[in-house]
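Scroll down for the structure; my scribbles are underneath it.
The values are calculated or read from the model by the stated rules, or taken from the named source; none is laboratory data. On a predicted model such as this, the values are computed, not experimentally measured, just so you know. Because the Cβ atoms are built from the backbone with ideal geometry, glycine has one as well, and the counts that use them run over all protein chains shown.
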Amino acid sequence: METNRIDITAQLFARQDKAYADFQSRLLPTVQRETVIGVRTPDLRKMAKQICKTPAAQEFLHCLQHSLEKDTHNKTIQKAVESFRITDEQKALLKTLRVR
């Protein structure tokens, strides 16, 4: 899994927009600026569609549970559940990963 996580992290940083990260960090005063990557939503959606097609997707989402804020974590799962590219079985599994 570590390789997949590194690949995804590298993809995020490849799409990084530092000016957008500065903007986002101003909207999130309780989050340290160093933790905001600054990837625009359309780019995140494209990445999510690619990730949903891989076997590592479920494992990656499980890892996110420990590294994202609750709202971001749940929004990530919701977007994946809305995808037409994953099965109903995968959607049911994703729903169990939501943080309450």
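Values as computed for the structure displayed
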item: Failed item, numbered, when L61 is tested on (1) modelled with pLDDT of 90 or more; (2) surrounded by 14 or more Cβ atoms within 10 Å (Cβ to Cβ); result: (1)
item: Residue pairs meeting the criteria (Cβ under 6 Å; at least 6 apart or on separate chains; first on the phi > 0 side of the Ramachandran plot, in the range 36-49; second hydroxyl-bearing (S, T, Y)); result: G38/Y20
item: Conditions (1) part of a helix (DSSP H, G or I); (2) β-branched (V, I, T); (3) modelled with pLDDT under 85; (4) surrounded by 13 or more Cβ atoms within 10 Å (Cβ to Cβ); number of the one not met by I6; result: (4)
